[in-house]
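Notes for the one structure printed next.
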Amino acid sequence: MSFIDNFFISIFSKEIGKDQFGNKYYESKKLDYLGQARRQVVYKGKVEASKVPPMWHAWLHYMINEVPINNRPLAKLAYAEEFEGDAERRTAAYSSVREDSSTASTYKLPAEVELGKRSNDKFDWQQDYLPNITGTSLSHKIVKNKTTKAEYSRWQPLDESNLGESK
């Protein structure tokens with residue numbers, strides 16, 4: 001982004017957060033015609049859309065309204081007192097409630113393993129997010145096999161002098 005873009009974003013928007021790559025996320029102070037604040041990202045270093053982690057991408061595109069912290073959205077923990085004594089019901093309980101500010105409604109998220117663990121927590125099998133590395137020095141390089149010979153032979157046209165004489 002240009003210096004002018006960064007200048008206007010810093011004046012007319014408020015900083016919301018920062019991700020693990022150093023990208024800064026802003027929300028405009030003024031609402032648009034839909035009644036939503038415009039959400040923007042200022043990239044650290046090279047401007048590359050794949051540098052935006054999944055939870056911040058969801059926030060930028062109004063899929064979630066909670067600001068992601070540590071690559072997961074903030075959520076209100078609720079209903080903990082309902083399932084205090086019953087461990088089996090507690091693991092299946094809906095413990096996280098999010099408020100959708102655009103509709104003023106709430107919806108519940110299922111707890112994963114134990115009370116207080118949000119459904120957006122990272123599992124053991126999940127890898128850390130990486131931006132797109134295509135075209136960089138870190139991208140995959142194809143190793144050519146030196147033991148096999150190329151079996152390509154180029155096409156040779158017929159001799160033009162013999163084309164009209166065959167009878």
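Tell me yes or no: at least one residue of the range 30-41 is at pLDDT 85 or above, in contact with a Gly (Cβ under 6 Å, 6 or more places away or on another chain) and in a strand (DSSP E or B).
Filtering the range 30-41 down to residues at pLDDT 85 or above leaves 30-41.
Retained after the next criterion (residues that are in contact with a Gly (Cβ under 6 Å, 6 or more places away or on another chain)): none.
Within the range 30-41, not a single residue is at pLDDT 85 or above, in contact with a Gly (Cβ under 6 Å, 6 or more places away or on another chain) and in a strand (DSSP E or B).
Based on this model, can you work out whether Gln20 counts as within 26 Å of Leu130 (Cβ to Cβ), surrounded by 13 or more Cβ atoms within 10 Å (Cβ to Cβ) and under 17 Å from the mean Cα position of the chain (by Cα)? Break it down into steps so the answer makes sense when it comes.
Working: within 26 Å of Leu130 (Cβ to Cβ): yes; surrounded by 13 or more Cβ atoms within 10 Å (Cβ to Cβ): no; under 17 Å from the mean Cα position of the chain (by Cα): yes.
No, not satisfied.
The values are calculated or read from the model by the stated rules, or taken from the named source; none is laboratory data. In this text the structure is predicted, and so the values were computed from the model without any measurement. Every residue, glycine as well, gets a Cβ built from its backbone with ideal geometry; the counts of neighbours run over all protein chains shown.
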